[in-house]
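Here's the structure we're looking at; comments come further down.
The values are calculated or read from the model by the stated rules, or taken from the named source; none is laboratory data. Small disclaimer: the values here were computed from a predicted structure and weren't measured. When we count neighbours, we look across all protein chains shown, and the Cβ atoms used for this are built from the backbone with ideal geometry, even at glycine.
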Amino acid sequence: MKKQAELESGEAFNRVVPPDTVVGAELVGDELAQKFVSDINKALNVLKTTRDMSLNEVKLTITIEGPRERELRRLGLEKESGASRDEMAGVLDEVSRGKVPNDRIALKALAEEINDWTSTLAQVTGSAEPSGVAPTSGWREGQARPPIGRDKSEEPQSLVDMLPDWMGYSYLYLLSAVPLFIGVTIVVILFVNSLK
């Protein structure tokens, strides 16, 4: 039962590393680790401002793995980065607390993944940096509104063009209201027939 609890909580997949041991120091030095931490923090701020994602949502997204990755992990094979999704989520938690994590391999994998997110976000929105201006919908002051109806300077070409604009709108509304009239008529007929 203890083994099942470890599997469900994800503890079974985490590496057991003494707290003072730096894993992957030969791959990622202290300066590069600081750069990764600052890049991840910037990306978290961008995700928070542009996508309104909380830290828990980002952790959940990082933890979710595809079926192929899950199968490889069951077989005991890790992906080429050498870090599992759970390790990257743990590193994200440490980075959010302002610490430089000791698992530098997972830090590097997390930085690459977050960088992919923000580069994708930059392609979609045009900028990965928050602009400081919230996107607005509708009309803004000073923006030209398109003309509604006919241009008054045009000469009518047929009899329909001489009709006022409200006639066209009323035709549209009446046509849209026909199913409503049919429904009300059916209900009234059924009601009258039920009284007999």
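Does at least one position in segment 64-84 carry a residue that is under 20 Å from ASN115 (Cβ atoms), modelled with pLDDT of 80 or more and exposed (fewer than 14 other Cβ atoms within 10 Å of the Cβ)? Yes, segment 64-84 contains at least one residue that is under 20 Å from ASN115 (Cβ atoms), modelled with pLDDT of 80 or more and exposed (fewer than 14 other Cβ atoms within 10 Å of the Cβ).
Among the residues of segment 46-57, some residue qualifies, meaning at least one is under 22 Å from the mean Cα position of the chain (by Cα), modelled with pLDDT of 85 or more, assigned to a helix (DSSP H, G or I) and closer than 28 Å to GLY76 by Cα.
Please verify whether segment 148-160 includes one or more residues that are at pLDDT 75 or above and among the acidic types (Asp, Glu). Yes: segment 148-160 contains one or more residues that are at pLDDT 75 or above and among the acidic types (Asp, Glu). The listed residues are LEU75, LEU44, LEU55, and the only one of them that is without any contact (Cβ under 8 Å) to a residue 40 or more places away in the chain and in the same structural domain as LYS99 (by TED's automatic domain parsing) turns out to be LEU75.
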